[in-house]
Amino acid sequence: MPNIVVVGAQWGDEGKGKVVDHLAEQSRWVVRFQGGNNAGHTLVVNGEKLIVHLVPSGVLHAGCTCVIGNGVVVDPTVLGHELDMLATRGHALEPDRLVLSTEAHLILPWHLALDQAREKSLGDRKIGTTGRGIGPAYEDKVGRRGVRVAELLDPETLRERVEEALAWHGPRLPPDHGLETEQIVAALAPVAARLRPYSRPTVGLLHEAIRRGDNILFEGAQGTFLDVDHGTYPFVTSSSTVAGGAAAGSGVGPGALHKVVGITKAYTTRVGSGPFPTELFDATGERLRAVGQEFGATTGRPRRCGWLDLPMLQHAHRLNGFSAIALTKLDVLSGMERIAVAVSYRGVSDYPTGARALAQVEVEYVELPGWSEDIRECRRFEDLPGACQDYVRFVEDHLGVPAEMLGVGPGREALILR
Ligand code: GDP
Ligand code: IMO
Ligand code: MG
């Protein structure tokens, strides 16, 4: 089995959790390599819905060890709660099933306060972040003043680092922040105790696994157009969400990434602010939101909805080098008379970088015939209505990438493999 990188091809929430859960069946390891609990990855098994934010989506497979890699930013309190939630739901994870990198950076209370205060001060120019402190935590990491998991486990160092951080951030925190070293350190003590058994260096662990011939699944969070370099800057997240990020965020060389699977919905959604060329503001958009249940898995916010955007996916293919795509939520399109697909941006030869240029493109569409049949029970490509097969082939032909997986419902079993 090759090592596979799974990444979102759009603006997140493409169905990565479901695809990773499927691929994890055959994986010895599943590694998160970037992002934090801004992610919300949904798994639906036997009608039971589970949303994970930090724990990798291999959690339901007993033979699979989950790794939170060095590139992730970890809110230790949230991770503790997530472990409790999983245990309550009958999926308790022992340290042989979950490993937390001691090199991962922490999201601490001031990061949440800074994230929320900044969004507030931006007013209607806000990014629409998840408010989880992601950006400020990555800023501290890059600014070389971050606090890592290793320091959480060492109370004396932790106190020093918290004190330094509060002194540094004080002037930028809201006057009523109420953050105080001793109180933060005291609150972190039980969290540290909880996470200590899971925490260890993960780079060596993964290389030992590779040497043994184990296969590794890399689970991306967010999506290509939320990438801090390649996304719709500044309306992006603060990490490298593209496939290349899997190497840096886990400590394996790019040569160990054998296959890249891009996950895309059969239409497009986005949460938060920023340009969205194919966005629908009419009843069709409402319909996609209602039928697709497009509400954020992390914040519950309604997702903006629109047609599939092929120029965007073509650019995602350049940035990630897809070996295959998974086309999810095809079932949501059932019952639409005609389905539009963006095929080009008028007069634009290269994909526009940055939010401003993308906001100005004029989208050119083709319309494809829809299908009326309910496809949720289809399990083979041949079972799909002709128009649905044609839709899939149209996307494949435009991208030059095979759609190896087709999503026809939220459940684990609602997947067509080709
Ligand atoms: P992720 O962040 O990429 O893991 O995606 P989310 O879990 O945030 O959002 C995807 C949503 O679509 C979840 O509610 C999934 O249960 C659901 N979903 C995934 N694949 C399909 C599919 O093929 N059809 C339908 N109807 N729902 C799906
Ligand atoms: P998954 O992994 C969809 C968006 C936020 C906001 C921008 C920056 O479930 O696909 P941040 O909190 O990261 O600083 O917010 O990125 N965003 C996501 N949108 N899915 C996600 O994760 C997201 N994670 C962040 O809405 O626009
Ligand atoms: Mg999500």
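The values are calculated or read from the model by the stated rules, or taken from the named source; none is laboratory data. Nothing here was measured: the structure is a model prediction, and the numbers come from that model. With ideal geometry, Cβ positions are generated from the backbone for all residues, glycine too; neighbour counts draw on all protein chains shown. Please note that ligands, DNA and RNA were not included when accessible areas were found on the heavy atoms of the full protein model with its side chains. Shrake-Rupley method; radii C 1.70, N 1.55, O 1.52, S 1.80 Å.
Descriptive notes on the structure:
- The set of residues in the stretch 16-53 that are surrounded by 24 or more Cβ atoms within 10 Å (Cβ to Cβ), within 8 Å of ligand 1 (Cβ to nearest atom) and within 9 Å of the chain's Cα centre (by Cα) comprises LYS16, GLY17, ALA39, HIS41.
- A single entry from ILE184, ILE210, ILE216 fulfils the requirement of being open to solvent by less than 40 Å² (accessible area, probe 1.4 Å) and either of a type in the set (D, E, K, R) or over 22 Å from the mean Cα position of the chain (by Cα) (or both): ILE184.
- Residue check for HIS111: crowded, with 19+ Cβ neighbours inside 10 Å and not assigned by TED's automatic domain parsing to the domain that holds GLU208: yes
- Index of the failed condition, ASN70 passing every other in (1) touching a strand residue (DSSP E or B) at 6+ places or on another chain (Cβ under 9 Å); (2) within 16 Å of ligand 2 (Cβ to nearest atom); (3) of a type outside the set (Ser, Thr, Tyr): (2)
Here is a yes/no grid of residues against (1) β-branched (Val, Ile, Thr); (2) assigned by TED's automatic domain parsing to the domain that holds ASN38:
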| site | (1), (2) |
| --- | --- |
| LEU93 | no, yes |
| LYS126 | no, no |
| THR129 | yes, no |
| GLY133 | no, no |
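- Of the residues contained in the stretch 320-329, one or more are found to be assigned to a helix (DSSP H, G or I) and either closer than 20 Å to PHE394 by Cα or away from ligand 1 (no atom under 11 Å from the Cβ) (or both).
- Residues that are modelled with pLDDT under 95 and of a type in the set (A, V, I, L, M), drawn from the stretch 349-366: ALA355, ALA357
- Of the residues screened, VAL6 is not one that is of a type in the set (A, V, I, L, M), under 30 Å from ILE184 (Cβ atoms), within 15 Å of ligand 2 (Cβ to nearest atom) and touching a strand residue (DSSP E or B) at 6+ places or on another chain (Cβ under 8 Å).
- Residue within the stretch 145-159 that is open to solvent by less than 80 Å² (accessible area, probe 1.4 Å), outside the structural domain of ASP229 (by TED's automatic domain parsing), β-branched (Val, Ile, Thr) and more than 30 Å from THR232 (Cα to Cα) present: yes
- Pair list, Cβ < 7 Å and 6+ apart or interchain, from the stretch 12-28 residues that are within 11 Å of GLY223 (Cβ to Cβ) to residues that are within 16 Å of ligand 3 (Cβ to nearest atom) and assigned to a helix (DSSP H, G or I): GLY12/LEU226
Residues are listed down the side, and each one gets a yes or a no for (1) surrounded by fewer than 19 Cβ atoms within 10 Å (Cβ to Cβ); (2) under 18 Å from TYR267 (Cβ atoms):
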site	(1), (2)
GLN360	yes, no
ILE375	no, yes
ARG380	yes, no
GLY386	yes, no
GLU396	yes, yes
GLU404	yes, no
GLU413	yes, no
ARG418	yes, no
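- Test: residue in the stretch 346-368 that is in a strand (DSSP E or B) and touching a residue at least 40 places away in the same chain (Cβ under 8 Å): yes
- Every condition in (1) more than 15 Å from LEU195 (Cβ to Cβ); (2) surrounded by 15 or more Cβ atoms within 10 Å (Cβ to Cβ) is met by ALA62 except one, and the failing one is (2).
- VAL392 open to solvent by less than 60 Å² (accessible area, probe 1.4 Å), touching a His at 6+ places or on another chain (Cβ under 7 Å), under 25 Å from GLY15 (Cα atoms) and not in a strand (DSSP E or B): no
- Selection within the stretch 302-320 - over 19 Å from PHE276 (Cβ atoms) and open to solvent by less than 40 Å² (accessible area, probe 1.4 Å): ASN320
- Residue ID - nearest to TYR138 (Cα to Cα), chosen from residues in the stretch 228-246 that are open to solvent by less than 30 Å² (accessible area, probe 1.4 Å) and within 10 Å of ligand 2 (Cβ to nearest atom): SER239
- Failed item in (1) in the same structural domain as THR130 (by TED's automatic domain parsing); (2) open to solvent by less than 50 Å² (accessible area, probe 1.4 Å), with ARG118 passing the rest: (2)
- Tally, over the stretch 254-301, of residues that are touching a strand residue (DSSP E or B) at 6+ places or on another chain (Cβ under 6 Å), open to solvent by 20 Å² or more (accessible area, probe 1.4 Å) and within 14 Å of ligand 3 (Cβ to nearest atom): 2
- Meets criteria (over 20 Å from the mean Cα position of the chain (by Cα) and part of a loop (DSSP other than H, G, I, E, B)) for GLY131: no
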